[in-house]
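Only one structure is covered here, and it is reproduced in the block below.
The values are calculated or read from the model by the stated rules, or taken from the named source; none is laboratory data. As the structure is a prediction and not an experimental result, all values here were calculated from the model. Methodologically, a virtual Cβ is constructed for each residue, glycine included, from the backbone with ideal geometry; neighbour enumeration extends over all protein chains shown. Note: accessible area is taken over every heavy atom of the protein model, side chains too, but ligands, DNA and RNA are not part of it. Shrake-Rupley method; radii C 1.70, N 1.55, O 1.52, S 1.80 Å.
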Amino acid sequence: MHSSQINSHQTVTIVGAGVAGMSAACALAEAGFRVQLVERRGYLGGRASSYLHPGVNEVIDNCQHALFGCCTNLMGFYRRIGVADQIHWTSDMTMIEPGGRRSQLGPSALPAPLHGLPKLLSASAFSINDKLSLARAFSALMRPVASDSTESLGAWLRRHKQSDGALNRFWRLVIASALNAEIDSISLPYAAKVIRELFLNSAEAGSMGMSRVPLSQLYAPVPAYLEAHGGNLHLNTHTDGAVWDDVRRQWTIHLPFEAMGKLLPEMPEAEEAAHLASQIKRHEHWPICSVHLWFDRAITDLEHAVLLDREVHWMYNQSRLQTGRGGHYIELVISATRSFAALSREAAIKLVLSELEEFFPLVNEAKLEKVALIKEVRATFGVSPDIDSARPSAMSPWPNCFLAGDWVATGWPSTMESAARSGHLAAEALADQAGVPMKCFEADLQPKGLMKFLR
Ligand SMILES: Cc1cc2nc3c(=O)[nH]c(=O)nc-3n(C[C@H](O)[C@H](O)[C@H](O)COP(=O)(O)OP(=O)(O)OC[C@H]3O[C@@H](n4cnc5c(N)ncnc54)[C@H](O)[C@@H]3O)c2cc1C
């Protein structure tokens, strides 16, 4: 019997249509549950979404969202809804110094973990001392770090005597922005995981993906997918409490930690609810800002680049990256800095324009046609040392109620992959409890080359 016939009497309500909620909803719908997906906003995607920005009259993402080859569960969700081919993949990363000198990082034909070495060795952005520093650190991180280590990345880097160039142009920039926090606020096991996945395990795991379409458009098949499986999406619907009659009703809650915190007082009393509340309180937000600029002409041919030694970290040439996007649209991303988030709109735009000129002199000749500044002050939660003890599992203190969201225990930092993993874990836990076990969790990519022997 097809699973939809087995389970079609069972209704699941999922609160929140971010990546976690959508991943769980579609996996459960495929397994035959009737899913009601409830979202307080008028569009899908939560912190990874797009909308019509009234100031510039363009549909833009709240910020460029990058994924990597190792994001197996996010890709599993995209495949389920039929949009995996909308992701544009690239293996090369261009680093630009102020003044314009470029270096290229990326894979070669050498086996992992050596595949990135030739380009790193020829990168002019790093001195010989920086390269030796990085090689020492990478080889120390080839073996997994004990998951209960409470050391911060900053302390570990000092212990491993990293040069200023390695610190500023690699650790503070690439790694701190992937984890969106300052190095002293990042747990070593999380940083080590990012290094292994993006730079050591295989070229495939480290390749970077970007959506060819605005993010909410990427999720456009979700409502039809749910309807085809007997479920529904309810936009503009706020859930402010949870009451159930215990008769075969099941709840799955996919909320960011602060929204879950708001919902807690409205939930029925339960043992362990106080513990969950104390876990939620330990989470801390970090901001990410993006500046979206439209020029009257092209200022660069690059699709994207890492900008060194300045406040702006990443440049994305959206007119080249997104299909059918006309004009000359450049997006700049500034992560892991609370000082930039505190700037006024005028000061922030003035600063990024002056920095952009240092990397792309054509900015001097171009006319800025319009600009949008998006400050997401609650972009991600920090993965500080010992954060794992504040990340609950999918099982909640209440019967038939399951938790998901990037902040629950997935072992991943605050990313779309963590959200998709949590959604799949919650879906499996729910199906298990309903007596119809199913598998939707996607396995990790296996390390390749010599990394196969260093697990
Ligand atoms: C600016 C920015 C840049 C980022 N860059 C990256 C990146 O490059 N790569 C990456 O992987 N990740 C990135 N992230 C992180 C990523 O967006 C998140 O980790 C992920 O989207 C979290 O998904 P989620 O489903 O757990 O939570 P959310 O996206 O927060 O979804 C929760 C949903 O629940 C809804 N909701 C809340 N309360 C209620 C209620 N009471 N009733 C009904 N609905 C409710 C919300 O409206 C929301 O839609 C970035 C985030 C931001 C903000």
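Quick notes
- Just one of the listed residues (S418, S389) is out of contact with any strand residue (DSSP E or B) (no Cβ under 9 Å at 6 or more places or on another chain), closer than 25 Å to D148 by Cα and within 12 Å of the ligand (Cβ to nearest atom), namely S418.
- Residues being modelled with pLDDT under 95 and of a type in the set (G, A, S) - total across the range 304-326: 2
- Residue among A109, A123 that is among the small types (G, A, S) and more than 22 Å from S335 (Cβ to Cβ): A109
- All helices (runs of 4 or more DSSP H) inside the range 325-439 with 1 or more residues being closer than 23 Å to C70 by Cβ: 416-433
Rundown of residues vs (1) more than 16 Å from the ligand (Cβ to nearest atom); (2) open to solvent by less than 60 Å² (accessible area, probe 1.4 Å), yes/no style:
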| site | (1), (2) |
| --- | --- |
| A270 | yes, yes |
| E284 | no, no |
| D296 | yes, yes |
| R310 | yes, no |
| W314 | no, yes |
| Q318 | no, yes |
| I330 | yes, yes |
| S335 | no, yes |
| S344 | yes, no |
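- Checked against (1) outside any loop (DSSP other than H, G, I, E, B); (2) surrounded by fewer than 20 Cβ atoms within 10 Å (Cβ to Cβ), M210 passes all but a single condition, namely (2).
- Among (1) touching a Lys or Arg at 6+ places or on another chain (Cβ under 9 Å); (2) at pLDDT below 95, the one test that E358 misses: (2)
- Subset tally (residues that are hydrophobic (A, V, I, L, M, F, W, C), within 16 Å of the ligand (Cβ to nearest atom) and over 23 Å from the mean Cα position of the chain (by Cα)) for the range 196-234: 2
- Residue pairs meeting the criteria (Cβ under 7 Å; at least 6 apart or on separate chains; first more than 16 Å from A426 (Cβ to Cβ), in the range 21-44; second open to solvent by less than 20 Å² (accessible area, probe 1.4 Å) and within 14 Å of the ligand (Cβ to nearest atom)): E39/G16; E39/A17; Y43/S49; L44/A17; L44/M22; L44/Y219; L44/V222
- Candidates G423, G382, G405: the one that is surrounded by 19 or more Cβ atoms within 10 Å (Cβ to Cβ), more than 21 Å from M22 (Cβ to Cβ) and either hydroxyl-bearing (S, T, Y) or within 16 Å of the ligand (Cβ to nearest atom) (or both) is G382.
- Number of positions in the range 355-385 that are out of contact with any helix residue (DSSP H, G or I) (no Cβ under 9 Å at 6 or more places or on another chain) and farther than 23 Å from N180 by Cβ: 9
- Residues of the range 251-308 satisfying the condition of being among the aliphatic types (A, V, I, L, M) and in a helix (DSSP H, G or I): A259, M260, L263, L264, A273, A274, L276, A277, I280
- Any chance L114 is in contact with a Phe, Trp or Tyr (Cβ under 9 Å, 6 or more places away or on another chain), of a type outside the set (S, T, N, Q), closer than 25 Å to C71 by Cα and open to solvent by 20 Å² or more (accessible area, probe 1.4 Å): no
- Filtered residues of the range 133-189 (kept if open to solvent by 40 Å² or more (accessible area, probe 1.4 Å) and either acidic (D, E) or within 16 Å of the ligand (Cβ to nearest atom) (or both)): D148, E151, D164, A178, E182, D184
- Of the residues making up the range 28-56, those that are surrounded by fewer than 22 Cβ atoms within 10 Å (Cβ to Cβ), away from the ligand (no atom under 12 Å from the Cβ) and assigned to a strand (DSSP E or B) are R34, L52, H53.
- Considered as a group, the residues in the range 440-455 that are assigned to a loop (DSSP other than H, G, I, E, B) and modelled with pLDDT under 95 include one that is nearest to the chain's Cα centre (by Cα), and that residue is R455.
- Considering the conditions (1) within 30 Å of T237 (Cα to Cα); (2) not in a loop (DSSP other than H, G, I, E, B), C63 is excluded by exactly one of them, (2).
- Here the range 370-390 is the region considered, the condition is being basic (K, R) and within 17 Å of the chain's Cα centre (by Cα), and the residue that is modelled with the highest pLDDT is K375.
- Count of the range 67-99 residues which are farther than 30 Å from H229 by Cα and of a type in the set (A, V, I, L, M, F, W, C): 4
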